[in-house]
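The values are calculated or read from the model by the stated rules, or taken from the named source; none is laboratory data. Keep in mind it's a predicted model, so treat the numbers as computed, not measured. As a convention, Cβ positions derive from the backbone with ideal geometry for all residues, glycine included, and neighbour counts pool all protein chains shown. The protein model used for the area step is the full one, side chains on, heavy atoms only, and it has no ligands, DNA or RNA in it. Shrake-Rupley method; radii C 1.70, N 1.55, O 1.52, S 1.80 Å.
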Amino acid sequence: MPQNAGAISHKSRADLMYACTEERNQFMLVGKASHPVAEAHLQLACQARTHLAKKVAVPNVLPKKDAYYKVFSDLDCLGGKEGVQVTAGGTGGYTMHILAPRPGVFDGSITFTTDSGQYVWYSLRLTVSDAPPIGTLEVSATVRQAVALQVQISNPLPDTLTFDLTYGSTHLVGPDVLALKPQESREFEFFFAPLVDGDSQALLTFSSFRLGNFSYTVNMHADPAPSQTLPQLEASLGTTARHVLQLHNPVGTEAILQTSCSNPHNFSLSVAAVALPPYGEAEVAVDYLPSSLGQVEEGVVSLYSEEVGMWEYNLTGVGLKPGVMDPTRISATLGSDGSSFVSWRNPFEDPVKVDLTLLQQGGSPDEPPADENRFELVLKKLKGIAVGSFGTVQIPISFKAVSLEESSGQVHVYMDPASVSSLSVSQPLLWQYPIKGLPEAEPSGEVFKYSCQARGRLESTLELRLEGLGKLTGNETFTYDLAIPASKQSALRNALQLVPQFGRMTDPSQPLRYKVIFEPQKTVSAKVGMVVEKSTGGRWRFELRLEATQPEVDGSVTIQAAPGQSALGAVLLYSPTNQPEPFTCHFTHDSSISFDVTPSEGHLPVRPVAGQPAPPAPIMVKYYAKGYGKTQIGKLVILTEDQQFTYVIRGEQPTYRPPDKAQMSIHFDNQIDPDMDARLQSPASRVAKSFLVRNMMATRSGKQSK
């Protein structure tokens, strides 16, 4: 039996003879020992920082004599005696002592080696579970309030010790790393800040590679946060009052809050669900709509999410007697009718009956003269209109514009309080709805066009003639309003200015003059409506057409790449403000497909001050050269919220530079190198046989034999 791995333990000879031919073959046999296999694979399990003793059998591999083994292991948590004595031909025992400081699965071995090199060994797999907690902490707090906890922690080592901390719950907050000086002992403080009420449990774990894991069980109890009582709201019957709730998300993930209300008849939320961004804020409006007069109405609004818990608000409101409501405006072109409606809602649970009255300008119910504007209620029945519980009645109103003068009136809604059991008043309740008639002149059809280059400036004059203006007293004022399409707001909101160039007007034929300043920062084409309004009544509509063409090129970038290769070029552009500016960028449709830009969106950096290093380029352009040919051209457009930048990108191959004859050193050598000549002349370089001739002769002899 071989004793040492790799050593030749035995040699022998084997003879093989064929009797029929009397041929004899001899073979040399050599035996070589390989490394011994493990006696067994031991799978052990224990808890961290808990002692485990395991005895293993150690056979004697030495023939006919005692063996003394030295013990080695590659597991730092395994210990025991330095050696073990085994009698000749017998089997001894060795006790392993295991004390693992940290949990995990560890593979290793234990080896028993004699002085002469023979050995036996075992493979080991040690599965270490978490150690039991060394203590228990009890803590309680109210939701969204923090309570501090302390534990004593020590460093027994002569050098600095670092612990990594895990809290096991989102309700526990503290530092992620703790460093202790040599022999230092102090209190470690962390916080319990619950977001959801109830009981829960978590492990606070201190992890160190050298000392292992130490944990505390934290039993947590969170009481619900008390409801917040908001100031009492007051609103007239038919109107609303509002509270705005400020919500803050204390966690780093988005939270979706579901809303509910205990009294939806009187209190309503502006949204059914609220999205709170990570560590962000949101506002939620709660409207109070009274349904009684002089009585306190109550409700509870709740907002709940599993991530951030619940907010509750106690609301109260009181209804007041109705009064003047929000005005209703009706526009009509001169000589035609316009219409709108007033919506009256029954605020009570009981069915009621109402009467309607229309008051013309000046508070008179009489019809105005035929040459004046007038209103009309488009209803056949104006008295005793029945409205159900919390029902609504629509009151249509028409307005006939005869002159360019603003008209006003009122619609009165009377309700008999006797039909409502909860009311103790005797006088009818009155809702007053102001109405305003806004006559407009016929559109002139004239279009005013203004065009300039983006990032340029255009100054011009706009003259507006107000048809049908009539007599002026000199006290009238004229204002204007611009109706810019929503999709063009970002490009035009700061690009267009209209500066009045007129004072008091006494002549109706005199036009309104405005100085037009058009400074677009990006390309745009839009139709903008302009409404001119006279203070004493009358409106005129005009159309402006604005166009900003492509701006001047801001710069160019040239990228060179060999055919079949790609290269990158940087576009260094700074934010036009003192804050990083969001941007998007793209190549125009007529650009070469050999270009690509990354990223397509991002933030432009702030321009560095003197002495600061320049930031990396926010935009990189990649050029792939498909082959030789003309220069590839691309136009890169970079858009911020208010501005546009354009860069021309050129892709080309490196310039070929032919060699300069004046700088070339030409040398011809027609002599064979002496070393090479010596090798060619040597006998070893001469072929004694012509293999070509031999092959030809072999081919011919083969053909003749056939």
Members of the stretch 593-614 found to be more than 22 Å from Arg650 (Cα to Cα) and part of a loop (DSSP other than H, G, I, E, B), listed by number: Pro605, Val606, Arg607, Pro608, Val609, Ala610, Gly611, Gln612, Pro613, Ala614
One residue from Gly555, Gly529 being within 33 Å of the chain's Cα centre (by Cα) and modelled with pLDDT of 90 or more: Gly555
Failed item in (1) over 30 Å from Ile134 (Cα atoms); (2) β-branched (Val, Ile, Thr); (3) modelled with pLDDT of 90 or more; (4) open to solvent by 30 Å² or more (accessible area, probe 1.4 Å), with Val58 passing the rest: (4)
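Look at Gly92 and say whether it is part of a strand (DSSP E or B), touching a Ser or Thr at 6+ places or on another chain (Cβ under 9 Å) and surrounded by 11 or more Cβ atoms within 10 Å (Cβ to Cβ). Show your work before the answer.
Details: part of a strand (DSSP E or B): yes; touching a Ser or Thr at 6+ places or on another chain (Cβ under 9 Å): no; surrounded by 11 or more Cβ atoms within 10 Å (Cβ to Cβ): yes.
No: the conditions fail for Gly92.
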The stretch 407-436, residues that are modelled with pLDDT under 90 and either within 26 Å of Asp337 (Cα to Cα) or in a strand (DSSP E or B) (or both): Ser407, Ser408
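Which is under 30 Å from Leu458 (Cβ atoms) and surrounded by fewer than 12 Cβ atoms within 10 Å (Cβ to Cβ), of Gln579, Gln612?
Numbers: Gln612 fails: under 30 Å from Leu458 (Cβ atoms).
Testing whether each residue is under 30 Å from Leu458 (Cβ atoms) and surrounded by fewer than 12 Cβ atoms within 10 Å (Cβ to Cβ) leaves just Gln579.
May I ask you to verify whether Arg650 is open to solvent by 90 Å² or more (accessible area, probe 1.4 Å) and assigned to a strand (DSSP E or B)? Don't jump to the end; show me each part of the working.
Details: open to solvent by 90 Å² or more (accessible area, probe 1.4 Å): yes; assigned to a strand (DSSP E or B): yes.
Taking the combined requirement at face value, the residue satisfies it.
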Test: residue in the stretch 592-602 that is open to solvent by 100 Å² or more (accessible area, probe 1.4 Å), modelled with pLDDT under 90 and aliphatic (A, V, I, L, M): no
Candidate set: the stretch 229-262, residues that are polar (S, T, N, Q) and over 32 Å from the mean Cα position of the chain (by Cα); chosen: the one surrounded by the fewest Cβ atoms within 10 Å (Cβ to Cβ): Thr229
Count of the stretch 264-315 residues which are closer than 30 Å to Val352 by Cβ, part of a strand (DSSP E or B) and open to solvent by 60 Å² or more (accessible area, probe 1.4 Å): 2
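For the stretch 503-526, enumerate the residues that are under 30 Å from Val637 (Cβ atoms), among the charged types (D, E, K, R) and modelled with pLDDT of 90 or more.
Here is the first cut: in the stretch 503-526, the ones under 30 Å from Val637 (Cβ atoms) are 516-526.
Next, from what is left, pick out any that are among the charged types (D, E, K, R): 519, 522.
Correct list: Glu519 only.
Collect the residues in the stretch 615-640 that are polar (S, T, N, Q) and either surrounded by 15 or more Cβ atoms within 10 Å (Cβ to Cβ) or within 22 Å of the chain's Cα centre (by Cα) (or both), keeping them in residue-number order. Explain how you work it out, then say what you get.
Step one: of the stretch 615-640, the residues polar (S, T, N, Q) are 631-632, 640.
Selection gives Gln632, Thr640.
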Qualifying residue in the stretch 33-43 (condition: modelled with pLDDT of 80 or more and of a type in the set (D, E, K, R)): yes
